[in-house]
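Here's the structure we're looking at; comments come further down.
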Amino acid sequence: MTTTDSALAGVHGVIIDMDGVLFRGTLPILGASEFLGFLEIQDIPFLLLTNNSTRTAEQYVSKLSGMGIRIDEDKILTTSMATAAYLSQVAPPGTGVYMVGEEGLREELEKKGFSLLDGPDVPYVVVGYDRSFTYEKMETATLAIRAGAKFIATNPDRTFPSERGIVPGAGAIVASIEAATDVGPTIVGKPQPGIFELALGLMQVEAESAAMVGDRLETDILGAQQLGLLTILLLSGVTSGQQMEGSSIVPDLVYCDIAALHLAWQSAIDVELNET
């Protein structure tokens, strides 16, 4: 049975990816601001959930504002936030961590009281997207993990949709360290169910009445399917129509971009109103 646009009328909460959905690098995707405004008018709760660990929630608010998208910090959940929350459940404040990542991850780990160290003598290695990744960082992480440190990754995204095209993502960095250590990481971000459950809890919405809007089959769509959310794939990011057709991961609904989703959703609501 094929899911139709009419299913959108029954959605009461939306988790929305950012990279490849609302913007590509520094360029906004046409219709992003209008779609979020539409959700607010319809009184549909939403949360922006990103696997990108580089920015803080405050920095994302600023970035989106520069694109004409007005959003509050409490509408944003990053893998930096989720990773720091996860680590605080398994390790006490003051625990030493070797971090591969940028400001967003650093700030969240420091907020939870972890001690960020420069050498391999640590019980935890936490790896996220790092545009200053070097052999030296890979070497330190490798030595720490081979000495027994637990390996935690913010996300497995091997690529990243930028304004220049598809570029390496955090998953590519994670893969290099995994290759050097023969140790697979504990992944916190999408597609792991924990981060979806956290997002649903923040929205106070049940999975059966929620939807996930994303551009990546193996994280956004697969993770949401595992919890029973309606899955909506947009072809404005890393996944092409050809890739979708060759994948075993099948989203419920597919649109070319967020403007097309907005149009379909409004139409579904209009039809439902006319029938009542």
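The values are calculated or read from the model by the stated rules, or taken from the named source; none is laboratory data. Just so we're clear, the structure is a prediction, and the values are computed from it rather than from any experiment. We place every Cβ from the backbone using ideal geometry, glycine too, and count neighbours over all the protein chains shown.
With the structure loaded, tell me whether Lys137 is assigned to a loop (DSSP other than H, G, I, E, B), in contact with a strand residue (DSSP E or B) (Cβ under 9 Å, 6 or more places away or on another chain) and not hydroxyl-bearing (Ser, Thr, Tyr) or whether it fails that test. So Lys137 fails the test. Does the range 21-36 contain any residue that is assigned to a helix (DSSP H, G or I), under 13 Å from Leu77 (Cβ atoms) and among the small types (Gly, Ala, Ser)? No, because not a single residue in the range 21-36 is assigned to a helix (DSSP H, G or I), under 13 Å from Leu77 (Cβ atoms) and among the small types (Gly, Ala, Ser).
Taking the conditions (1) surrounded by fewer than 21 Cβ atoms within 10 Å (Cβ to Cβ); (2) free of Cβ contacts under 8 Å to residues at least 60 places away in the same chain; (3) closer than 17 Å to Leu48 by Cα; (4) among the hydrophobic types (A, V, I, L, M, F, W, C) in turn, Val254 satisfies each one other than (3).
When the range 151-161 is limited to residues that are within 13 Å of Tyr98 (Cα to Cα) and free of Cβ contacts under 8 Å to residues at least 60 places away in the same chain, the one that is surrounded by the fewest Cβ atoms within 10 Å (Cβ to Cβ) turns out to be Phe151. Tally up the residues in the range 81-112 that are under 24 Å from the mean Cα position of the chain (by Cα), over 17 Å from Ile145 (Cβ atoms) and of a type outside the set (Asp, Glu), please. Number satisfying all stated conditions: 13.
If I ask for residues that are buried (at least 17 other Cβ atoms within 10 Å of the Cβ) and more than 13 Å from Thr95 (Cα to Cα), which ones from the range 121-142 would you list?
Scanning the range 121-142 gives Val127, Gly128, Tyr129, Asp130, Phe133, Lys137, Met138, Thr140, Ala141, Thr142.
From the list Asp43, Asp74, the one residue that fits, being of a type outside the set (Phe, Trp, Tyr), outside any helix (DSSP H, G or I), out of contact with any Ser or Thr (no Cβ under 6 Å at 6 or more places or on another chain) and not assigned by TED's automatic domain parsing to the domain that holds Ala172, is Asp43. Considering Val174, Val183, the condition of being in a loop (DSSP other than H, G, I, E, B), within 29 Å of Ser132 (Cα to Cα) and β-branched (Val, Ile, Thr) is satisfied by Val183 alone.
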